[in-house]
Every structure is written in structure tokens, then in C-alpha cells.
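What follows draws every value from the coordinates through simple rules; no lab data is involved. In this text the structure is predicted, and so the values were computed from the model without any measurement. FYI the Cβ positions are ideal-geometry reconstructions off the backbone, even for glycines, and counts take in every protein chain you see.
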Amino acid sequence: MKETNDLSSGWKIPDIRWKPVGLGYAVGLLSTLVAGLPLLVIMGNSWLMALAGSIGLFIGGLVTGRRVGPSLSLVNGALMAMLYNLTVSILFFIGSFLQVLPEPLPGLPQGDSTFFFAWPLGQFVIGIFSAILGSRLHSSSPRSKV
């Protein structure tokens, strides 16, 4: 039997659901701005904003996972996390280049890769884990069985 991802061959659900991915992405970014921006302004610490962003990403992943269901949560959660990370990384690079944001690791030489290469891996894991968790919470809720 030939496997295909063509919708005309009997697939009723596409692998990527753009509306839930977009909604999770928007919720994650908005949560990051609401929680992280005040921390950055008040405390002047990039890591606090990054931690707040992780919480926002977690919430966005839950939203995505609840919307797509268990069979598609892995792919859609990964896509949502990648889009979120791409946007936040670009904004952080621009902010660092314009010297609006403080250095993420003060005291280390310019260009240290810990923040920009290790942190995205953590965000990727958070996005996938939270999407899977959101889909499982949705499938176990009494409302989803109606």
C-alpha cells in the first residue's frame, strides 16, 4: 500500500492545521510580550524575558494541542514552536544589534552562543511537550467525548 499525504486519496485531515498553529503562536507571543516586556524594562535582564517567553510558549503549545487533537499535536506543536522561536530570535537579534536589549550573558565575550543556540532547543522541547499535553488534556476532558 502506497502512503501518501494527498488529500484526494482519502485523507480527511491535513497534517498541518494552520489556524490552531497560528492561534498558539499568537497566544505565545502575546503572553511573552505581556509577561516578559515588563520584566525586561524593570529588571533589565534578558533571561527573565526569555523565561517569561517559555511560559508564553507553553501556553501557546497547550492552545495548539487542544485544537489539533492527539494525532497531530506533535507536528503542529513543533511548527508552532519553530515559528515562535524564529520570530523571537529575529526580534532579539535586532534588539541586540540596535543595543536596545542588554547582553543575555553579561561578562562573556560578544557572540557567545549559549543564549542563541542552546535556548532554542529548550523552546522547541517546550512547544512540543505542551502541544502533546494540551491534546491529551483535551481528549481526556468530558466535553471532548460529547
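The table that follows gives values for the structure above.
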item: Peptides 29-40, 86-97 ordered by average Cβ neighbours within 10 Å, highest first; result: 29-40, 86-97
item: Length released on extending from A118 to M43, taking residue separation times 0.36 nm less the Cα-Cα span; result: 24.7 nm
item: Order by protection proxy (mean Cβ within 10 Å, highest first), peptides 73-82, 42-51, 55-64, 124-133; result: 55-64, 73-82, 124-133, 42-51
